[in-house]
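Here the structure is laid out as C-alpha cells; the discussion comes afterwards.
The values are calculated or read from the model by the stated rules, or taken from the named source; none is laboratory data. Remember, predicted model here, so these are calculated numbers, not experimental data. Cβ sites come from the backbone with ideal geometry, for glycine too, and all protein chains shown count toward neighbours.
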Amino acid sequence: MNNEQRFWHRLSGHLILAGGALILIALGQFQWGTAAESTEPMVTAVSTPQPIAEAEETEATPTPLPQGPLPVINDNSLAPLPNPRTYQTKLPAHDFQMHEVARGETPNIIADQYGISADTLLGGNTWLSQESNQLQVGAQLVILPVNGVLHKVRAGETIESIAELYQVPAADIIAYEPNNLEFPFYRLVPESELVIPGASIGQFYFTAPKSVATNAAGEPQWKVFGTGTYIWPTNGRCITQFYNGFHPAIDVSSSEGAPVYASDTGTVTYASFASGTYYDYGNLIVINHGNGFETFYAHLSSIGVFPGQTVTQGELIGFTGNTGRSSGPHIHFEIRDNDFRTNPLDRLGGGYQNCVG
Ligand SMILES: [Zn+2]
C-alpha cells in the first residue's frame, strides 16, 4: 500500500467505527425514550409488543413485577413470631498457653513454670495416660491457667452432673469466666470444652529423676550407675534374629503389648518415637547406665518413662509393639559399650529359643 491508499484505508476504518457509535447512541436514545415515556403502569408496557427491532435490546428490558395485591397464602406456619429472636448459646472462649516439652523437663518443672500442679498437666491433656506416660520431648501440652481439668461436654450433661462427676461445686464451674456460662440456663454445647477448676483426674505415673549434672566438658555426670549386669527386657526368650554385623542386636518375638523392663539401672536419655539417627526404631527408649553402657529398646507400642527419669533394673518402662521398621510385634534390644554394639546374649543369663525362620 502506498501512503494515499493507507490514508483512505484508515479513514474508512474510522468512518465505520464512527458510524457504529452513532447507531449505538441512536439505539440507546430510543431505549431511554421508551423508559421516559412509560408513565403508564408497567403491565401495559408488557402487553404492548416491543417496538425495538434488535433482539438483544429486548433482553435489557427488566422483567416487570406482577401487579395487584400479592396472593394470600393461608398458612402461617412459617410466619415469624412477633419479636423473633434466636437464643444463641455462647461457646467457651479459652486462650490456653501451650508448652513444648524439652529434654530433661519433668511434670513438676513444667508445672512450676506456670504456677499449676503437675496433676493439672494431666487435667489439661487427658490423652496423657496415667499408666503409660506419653510425656516426652516435643510433646505439646495445653497449660490450664488454673488447677483443674479440661472437660469435653457430652450430650445430655449438665453443670450439676459435671460438678458431681468431679466432686467440685457447680458454682466454681460457672464462676470461671472463660467458660462463658450464661445465667439463668447455663446451657452447655456438646463437644465444647469447659475448665473445671479444682478438679483432678489423678496423678502422673512418674518417678522424679535425680538431677544429672555436667562436668567441665559439658558431659553428663551420671548420678545413677548400672549394676553392670543385664536382665532380659521381656519375659519372652524366643529369638527371631540373632546378633551379626548387619544386625548388631537381638530381636525377641513377643505378643503386642507385653511388658518391657529396664535391663539395668540407669537414666533414660531417649523416650520418643524415633527420628533422625534412630529412624527405623519406632518408639524407642534408650537408657544410659552411667558406666559407658547403654541399652536400646525399639519398636515399642508405648513408652512409660520420661527422658531424665532414673530407672532401676527390672522396672517396667514400656510395652512391646510393632512400630518403626518392624514386621511384627517384637523387641529389638541392643547393649552398647561406649557406642560399640555388643552381642546382648554375651551378657544375658539363662537360656533362649531359636525362633529364626
Ligand atoms: Zn532388630
Filter region 168-192 down to residues that are buried (at least 16 other Cβ atoms within 10 Å of the Cβ) and of a type in the set (Gly, Ala, Ser) and give me whichever is nearest to ALA93 (Cα to Cα). SER192
Any residue in region 251-269 that is within 11 Å of the ligand (Cβ to nearest atom), in contact (Cβ under 8 Å) with a residue 40 or more places away in the chain and in contact with a Pro (Cβ under 7 Å, 6 or more places away or on another chain)? no
Given the structure, is TYR278 in the same structural domain as PHE225 (by TED's automatic domain parsing) and within 16 Å of the ligand (Cβ to nearest atom)? yes
Kindly establish whether LEU300 is within 16 Å of the ligand (Cβ to nearest atom), closer than 23 Å to VAL101 by Cα and touching a helix residue (DSSP H, G or I) at 6+ places or on another chain (Cβ under 6 Å). no
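Yes/no matrix, rows are residues, columns are (1) out of contact with any Gly (no Cβ under 6 Å at 6 or more places or on another chain); (2) of a type in the set (S, T, N, Q); (3) farther than 23 Å from THR229 by Cβ:
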site	(1), (2), (3)
SER272	yes, yes, yes
ASP280	no, no, yes
LEU284	yes, no, no
HIS299	no, no, yes
PHE306	yes, no, yes
GLY314	yes, no, no
ILE317	no, no, no
Can you tell me which residues in region 189-214 are assigned to a loop (DSSP other than H, G, I, E, B), modelled with pLDDT of 70 or more, at negative phi and not β-branched (Val, Ile, Thr)? PRO190, SER192, ALA199, SER200
For region 304-326, how many residues meet the condition of being within 21 Å of CYS238 (Cβ to Cβ), among the β-branched types (Val, Ile, Thr) and in a strand (DSSP E or B)? 1
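Condition check ((1) of a type outside the set (S, T, N, Q); (2) away from the ligand (no atom under 14 Å from the Cβ); (3) over 15 Å from PHE242 (Cα atoms)) across all residues:
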residue	(1), (2), (3)
GLY292	yes, yes, yes
THR295	no, no, yes
PHE306	yes, yes, yes
THR312	no, yes, yes
LEU316	yes, yes, yes
THR323	no, no, yes
ILE331	yes, no, no
ILE335	yes, no, no
ARG341	yes, no, no
When residues of region 238-250 are limited to those that are within 12 Å of the ligand (Cβ to nearest atom) and free of Cβ contacts under 8 Å to residues at least 60 places away in the same chain, the one surrounded by the most Cβ atoms within 10 Å (Cβ to Cβ): HIS247
Does SER272 meet the test of being away from the ligand (no atom under 11 Å from the Cβ), hydroxyl-bearing (Ser, Thr, Tyr), in contact (Cβ under 8 Å) with a residue 60 or more places away in the chain and not in a loop (DSSP other than H, G, I, E, B)? yes
State the number of residues belonging to region 275-303 that are buried (at least 24 other Cβ atoms within 10 Å of the Cβ) and part of a loop (DSSP other than H, G, I, E, B). 1
